[in-house]
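Everything on this sheet refers to the single structure shown next.
The values are calculated or read from the model by the stated rules, or taken from the named source; none is laboratory data. In this text, all values refer to a predicted model and were calculated from it rather than measured experimentally. Positions of Cβ are backbone-derived with ideal geometry, glycine not excepted, and every protein chain shown enters the neighbour counts.
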Amino acid sequence: MTSLLEGAKKLVTRSSDTGARVEGLERAAEAARGRVDDAVVDDAAAVAARASSRLKLSAEHTVVALGGATGSGKSSTFNALSGLELAAVGVRRPTTSWATAVVWGKQGAEELLEWLGIPARHQVTRDSMLSKADEDVEMRGVVLLDLPDHDSTEVSHHLEVERLVQLADMMVWVLDPQKYADAAIHDRFLKPLAGHKDVMLVVLNHIDTVPEDRRAGMVDDVRRLLEADGLGGVPVLPVSARHGWGIQELRSMIAKRVAEKKVTRSRLEADVRSAAHRLEAATGTGKVPTLSKERIAALDDAFADAAGVPTVVKAVADSTRMRANRATGWPVTAWFSRLKPDPLKRLHLDLGAVGKELTGTARTSVPQATGVQRARVDTEVRSLADQVGEGMAPAWASAVRAASVSRLPDLGDRLDRAVAATDLGATKIPAWAGLVRVLQYVLVLAAIVGAGWLALLALGSYARLPEPPTPEVGSFPLPTLLLLGGIGLGLLLALVCRWLVAMTARSRARAADKRLRDAISAVSAELVVQPIEAELASYAAVREGLAAALR
Amino acid sequence: MTHDDATADGAPDQRRHPDATTAMVTALVRLRGALQEAQLPLELPGADEQRAARTEMVDQLEDYVIPRLMTLEAPLLAVVGGSTGAGKSTLVNSLVGTRVTAPGVLRPTTRSPVLVHHPDDARWFGQDRLLPELERVDRQTNDPAALQLVPSPVMAPGLAVLDAPDIDSVEEQNRVLAAQLLAAADLWLFVTSAARYADQVPWDFLRKAADRSAAVAIVLDRTPPEAVDTITTHLARMLASRGLKDSPLFVVEEGQVSDMGLLPASSVMEIRQWLRALADDQEARQSVVQQTLDGAIRTLARRTHSVADAATEQVDAVRRLREDANEAYDRAVTAIGEASADGTLLRGEVLARWQEFVGTGELLRSLETRVGWIRDRVVNAVKGKPQQAERVTVAVESGLETLILEHAEAAAERAEASWRSTAAGQILLRDAGEDLGRASRDFRRRAERAVRDWQSDVLEMVRTEGAEKRSTARFLAFGVNGLSVALMVVVFAHTAGVTGAEAGIAGGSAILGQKLLEAVFGDQAVRSLAERARLRLEASIRDLLDAERRRYTDLLDTLEVSPETPERMRAAARKVDDLRFASARRASEAVAAPVQEPPRVSGREGDAP
């Protein structure tokens, strides 16, 4: 049920322009968490949360807070505005200890007042009492708050003021001739709220105590100080709550602003804007960078080196050459090559199907990356992160850097597995070599037959047996032809095949190189490129969110 | 001041113990020196506060405590301080009875302090006395660095009034100056008003005054007549609860000011009388001075310890930061040392070039049979061996460089990361002017040069060693280049920590190189050559990285945080306390036996040994 309601509320929120800004700030804060200073992120998230909760509450009401120093006459002004003797007025300082609210048109304001944290006993509804209609119509929708002071020795008052100043839609600061230049109000409240000048009014109370000819000068002096705070253009109204001077103007000024129904939104937008600016200052304004292909290629090369790809590729070439030569060479001599070890076997890369089943993907004996190779990997990773981090705020740049090395400790193992799991394509001898092997054996057989035949003939002639006729091919006796042809062709074939084998070995090496590099590039993508891209995605999310918030 | 003045004008305690005063002044000057030294440059938690405290203390020592102690008989200085708009200037004018300082409705009004004194007291307020930094002037000014002196016969001799700027307006300069002036006061005449009396800022000041038991009188100004009772009661309660119940409280009702800007004489009569009584009663005046001065000295000594603690923290922080940087770079030096000595540098490129260079096994055979030199030369001529030696050199160079560069980068990154983890380190890094997280910009160039220098050193070693062996066949066959390459290879496999299949390759190469060298120089010479080359390499790597490390350590050196400062401060504060206790004991003895001069003198003599 609740979620349904929440959803509906969210829909309402989203439909508005302010809602979109708030959501943008929310997204940006979420994406920036963990990368930039937590205080800034928390601040932005709090502003977004506050704004979205305000947006869900009554849009018909505008919260107007009266703030000021102790003795400035907030409560007198409050009473004068409401026409009721609600707030205690006194000479004993500080007078007001809690915020009091008066509401014109209570309907729908309950939730809002609860959100403001004003207990029912400090609320007064104006329309429930007997009152003159004119004023009430004018002020309809106003929730007027009388805040405690912000400068007395009671620290709890300051905290209450700080809390309510964040929640109010509009602020009326009550100054007085004695205290208008106090650092307490200028440094703690006015300067930090410089972005909120559209929702602010300044009242100079107790104007009756100032000699008449000095009043205009004092109002100008207040304006000068406000300008120094970055609040130029905020209306300054001289009033005297005691004598009722200027109260009507103040009331109509508030009423006019409230009637426009823009106050709440402009307050929230000002909040969102200043929070977004602070977040932006922490995250940087550079546009979202992309990873360049060349850098990634250089990174892959460094990884391949570290994985010993050149060693493996050389072994593939050697092994192919050896096996194919053994197959295609002249069988008599090729047999000797069996005595030499197979280079691939030596690297534990060629265990055959059975071996792989036994060990899963076995560890290879490819030499571990040396210091130099490892250094090259680190350098490439660093320059990749550097290239990405350019134009980002230092906090993000170091987040990218941290992400880029976050998975490097796995490197050795992962590269090894990638190499071991790659099908090098060197296990089987090529098909043509099989044919050649058969041919070689046929030729050897022919030579043996020829030799045997000749031997028989020689034995026959030694035993003085009559010489049987020997078939002749052309003018050559067949046995001799078989013997010489068998040997000669076999050697020739072996020679020709050597050349072919060299070509095959080269192409297989190339293929293995390609396959290995692909596998390694997958590793580098997983270990380095993906973490960096994840950071970039959050950066993009922050930029996008801030753009929405600041639109 | 002359000794006669002192005797004539009073200061009974100190007249009795001029030595004690001198000793105290010396101790305070030493304390000031120690405090001045403690710059607390690092941004540690709470350092801001202690830095402000330190400045305040140094100022107070210079402006007030030391000059006051040296001229105890000078007139009492009452500083009129308080909030903006409380009516300080009007009060001062009304007390003097003429317009000496300009009041106004626009806040803040007074920006430059005004001192009103009796004409006879002028000599006490010269440039070299209290508040020596403020320039003395005799007309109205808005310059906060000036002190306007107004001689007025209305003032009683022996008492001067100073109108200070406000303590709480938007003008920060005013606030700072007011705090400084109040710290230099013998008596605070603290002005507040009906609208102000519960403000936080003035009470912070009053709390400080209560802490150091400064003499304070409160003036509740601009009070509407109907509110006098309520406010005075409340204010008196506030004062009592904050340890100021002995302070006199004067109420000035809000009244019509004259055209001159003066309050009616009746309003300030009470204050004026009180001040005059104080001025006339030398005992009372002296005890006010003594109370405030003692309180100030006591507070200074006490606060010195917390500044000293902060200074200790600074020393520790600097040491930690230095250790972090050192550790990062030490690790780099070790790592490069290991990677270049375990033979792994001989793999890959270097190994390939080396094998090309030495050929395939024939070299070994030729060494064993000792007949191969003609063939070697032929082979050299055909294969161009010198170029191959060159290629090994280049491969060695690029391998070493990659190693050194990467480790320098990694060390910079490590050092930066560990610095960045503290707020103090972050600020140092920010102000460093360059990105310390990277190796310095010309590091690559310097690394290249260092490696090349090392290689030419090795060449030089081989050349010197081989000077008398020029004629041997092997030497001629491989030449200086070839042999120095062999020496490098031996150096890189120095620790022979190569394992497994590697031993066959890298170890083999090294053995080959060693054999070659031994055949030329003899094994003893080879060992010492390799050792020397190795040391030379390590030294030049260390030099390179030390230069990098210095980017960090220099930052710390410029902070000038001396490890002795905190102890010096504590010692000075202890000394001040000791003197304070000693004089308090003497004072109590004096009270216990207030007889005549002689016995007390002898009593002191009795104490001395």
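Answer yes or no: is there a residue in segment B:172-185 that is farther than 22 Å from residue B:118 by Cα, within 13 Å of chain A (Cβ to nearest Cβ), of a type in the set (D, E, K, R) and over 30 Å from the mean Cα position of the chain (by Cα).
No, the conditions are met nowhere in segment B:172-185.
Say we look at segment B:59-89 and pick out the residues that are buried (at least 23 other Cβ atoms within 10 Å of the Cβ) and in contact with a Gly (Cβ under 6 Å, 6 or more places away or on another chain); which of these is farthest from the other protein chains (Cβ to nearest Cβ)?
Checking each candidate, the answer is B:75.
Looking only at residues in segment A:68-81 that are within 26 Å of residue A:115 (Cα to Cα) and in contact with a Lys or Arg (Cβ under 7 Å, 6 or more places away or on another chain), which one is nearest to the other protein chains (Cβ to nearest Cβ)?
Restricting to residues being within 26 Å of residue A:115 (Cα to Cα) and in contact with a Lys or Arg (Cβ under 7 Å, 6 or more places away or on another chain), the top hit is A:70.
Cβ-Cβ under 7 Å, sequence separation 6+ or interchain: first residue in segment A:373-390 and over 11 Å from residue A:295 (Cα atoms), partner part of a helix (DSSP H, G or I) and among the small types (Gly, Ala, Ser). Which pairs?
Pairs that qualify, where the first residue is over 11 Å from residue A:295 (Cα atoms) and the partner is part of a helix (DSSP H, G or I) and among the small types (Gly, Ala, Ser), are A:373/A:306; A:374/A:306; A:376/A:302; A:377/A:302; A:377/A:306; A:378/B:410; A:389/A:397.
Regarding segment A:175-182, can at least one residue be identified that is modelled with pLDDT under 90, facing chain B (nearest Cβ under 8 Å) and touching an Asp or Glu at 6+ places or on another chain (Cβ under 6 Å)?
For segment A:175-182, residues modelled with pLDDT under 90, facing chain B (nearest Cβ under 8 Å) and touching an Asp or Glu at 6+ places or on another chain (Cβ under 6 Å): present.
Take the residues in segment B:395-410 that are surrounded by fewer than 24 Cβ atoms within 10 Å (Cβ to Cβ) and within 8 Å of another protein chain (Cβ to nearest Cβ), then tell me which one is nearest to residue B:485 (Cα to Cα).
Among them, the one singled out is B:402.
In segment B:186-213, how many residues are farther than 17 Å from residue B:90 by Cα, away from chain A (no Cβ under 14 Å) and not in a helix (DSSP H, G or I)?
Residues meeting the conditions: 4.
Please go through segment A:391-407 and give me each residue that is in contact (Cβ under 8 Å) with a residue 24 or more places away in the chain and within 10 Å of residue A:532 (Cα to Cα), ordered by number.
A:399, A:400, A:403, A:404, A:405, A:406
Which of the numbered conditions does residue B:430 fail, given that it passes all the others? Conditions: (1) within 12 Å of chain A (Cβ to nearest Cβ); (2) of a type in the set (D, E, K, R); (3) more than 19 Å from residue B:554 (Cα to Cα); (4) loosely packed, with under 14 Cβ neighbours inside 10 Å.
Checking residue B:430 against (1) within 12 Å of chain A (Cβ to nearest Cβ); (2) of a type in the set (D, E, K, R); (3) more than 19 Å from residue B:554 (Cα to Cα); (4) loosely packed, with under 14 Cβ neighbours inside 10 Å, the one that fails is (3).
Is there a residue in segment B:110-118 that is touching a His at 6+ places or on another chain (Cβ under 9 Å), hydrophobic (A, V, I, L, M, F, W, C) and closer than 26 Å to residue A:177 by Cβ?
Looking for residues that are touching a His at 6+ places or on another chain (Cβ under 9 Å), hydrophobic (A, V, I, L, M, F, W, C) and closer than 26 Å to residue A:177 by Cβ, one finds none in segment B:110-118, hence no.
Please determine, by comparing only the residues of segment A:282-312 that are polar (S, T, N, Q) and in a helix (DSSP H, G or I), which one is nearest to the other protein chains (Cβ to nearest Cβ).
Filtering first and then ranking leaves A:311.
In the set A:315, A:259, A:255, which member is within 14 Å of chain B (Cβ to nearest Cβ), more than 30 Å from residue A:38 (Cα to Cα) and hydrophobic (A, V, I, L, M, F, W, C)?
A:315
Restricting to segment A:146-163, name every residue that is β-branched (Val, Ile, Thr) and crowded, with 18+ Cβ neighbours inside 10 Å.
Correct list: A:153, A:161.
For segment B:261-274, give me the residue count where each residue is farther than 14 Å from residue B:154 by Cβ and not polar (S, T, N, Q).
5
Looking at this structure, is residue A:216 within 14 Å of chain B (Cβ to nearest Cβ), surrounded by fewer than 22 Cβ atoms within 10 Å (Cβ to Cβ), within 30 Å of residue B:255 (Cβ to Cβ) and under 46 Å from the mean Cα position of the chain (by Cα)?
no
Here are A:507, A:524: which of them is crowded, with 20+ Cβ neighbours inside 10 Å and of a type in the set (S, T, N, Q)?
Answer to the check: A:524.
Which of the residues belonging to segment A:390-422 are more than 24 Å from residue A:312 (Cα to Cα), of a type outside the set (Val, Ile, Thr), part of a helix (DSSP H, G or I) and out of contact with any Pro (no Cβ under 8 Å at 6 or more places or on another chain)?
A:394, A:395, A:396, A:397, A:398, A:399, A:401, A:402
If I ask for residues that are among the β-branched types (Val, Ile, Thr) and either surrounded by fewer than 14 Cβ atoms within 10 Å (Cβ to Cβ) or at pLDDT below 60 (or both), which ones from segment B:448-504 would you list?
Selection gives B:464, B:495, B:498, B:499.
For segment A:155-173, how many residues meet the condition of being under 18 Å from residue A:191 (Cβ atoms) and within 12 Å of chain B (Cβ to nearest Cβ)?
1
Would you please list the contacts, defined by Cβ atoms under 8 Å and residues six or more apart or on different chains, that run from a residue in segment B:158-171 that is away from chain A (no Cβ under 14 Å) to a residue that is of a type in the set (S, T, N, Q) and outside any loop (DSSP other than H, G, I, E, B)?
B:158/B:282; B:163/B:89
From B:219, B:154, grab the single residue that is assigned to a strand (DSSP E or B) and more than 14 Å from every other protein chain (Cβ to nearest Cβ).
Only one candidate qualifies: B:219.
What are the residues in segment B:244-283 that are in contact with a helix residue (DSSP H, G or I) (Cβ under 7 Å, 6 or more places away or on another chain) and within 14 Å of chain A (Cβ to nearest Cβ), if any?
B:244, B:251, B:253, B:255, B:257, B:261, listed by residue number.
Let me confirm something: among A:451, A:433, A:418, which residue is in contact with a Leu (Cβ under 6 Å, 6 or more places away or on another chain), over 30 Å from residue B:436 (Cα atoms), of a type in the set (A, V, I, L, M) and at pLDDT 80 or above?
On inspection, the qualifying residue turns out to be A:451.
Are any of the residues in segment B:168-178 in contact with a strand residue (DSSP E or B) (Cβ under 8 Å, 6 or more places away or on another chain), of a type outside the set (Lys, Arg) and part of a helix (DSSP H, G or I)?
There is at least one residue in segment B:168-178 that is in contact with a strand residue (DSSP E or B) (Cβ under 8 Å, 6 or more places away or on another chain), of a type outside the set (Lys, Arg) and part of a helix (DSSP H, G or I).
Out of A:153, A:209, report the one residue that is in contact with a helix residue (DSSP H, G or I) (Cβ under 6 Å, 6 or more places away or on another chain) and free of Cβ contacts under 8 Å to residues at least 60 places away in the same chain.
The conditions single out A:153.
Does any residue of segment A:195-203 turn out to be of a type in the set (Asp, Glu) and within 41 Å of the chain's Cα centre (by Cα)?
yes
Determine if segment A:61-75 includes at least one residue that is part of a strand (DSSP E or B), in contact with a His (Cβ under 7 Å, 6 or more places away or on another chain) and not hydrophobic (A, V, I, L, M, F, W, C).
yes
Of the numbered conditions (1) modelled with pLDDT of 80 or more; (2) part of a helix (DSSP H, G or I), residue B:262 satisfies every one except a single condition; which is it?
For residue B:262, the exception is condition (2).
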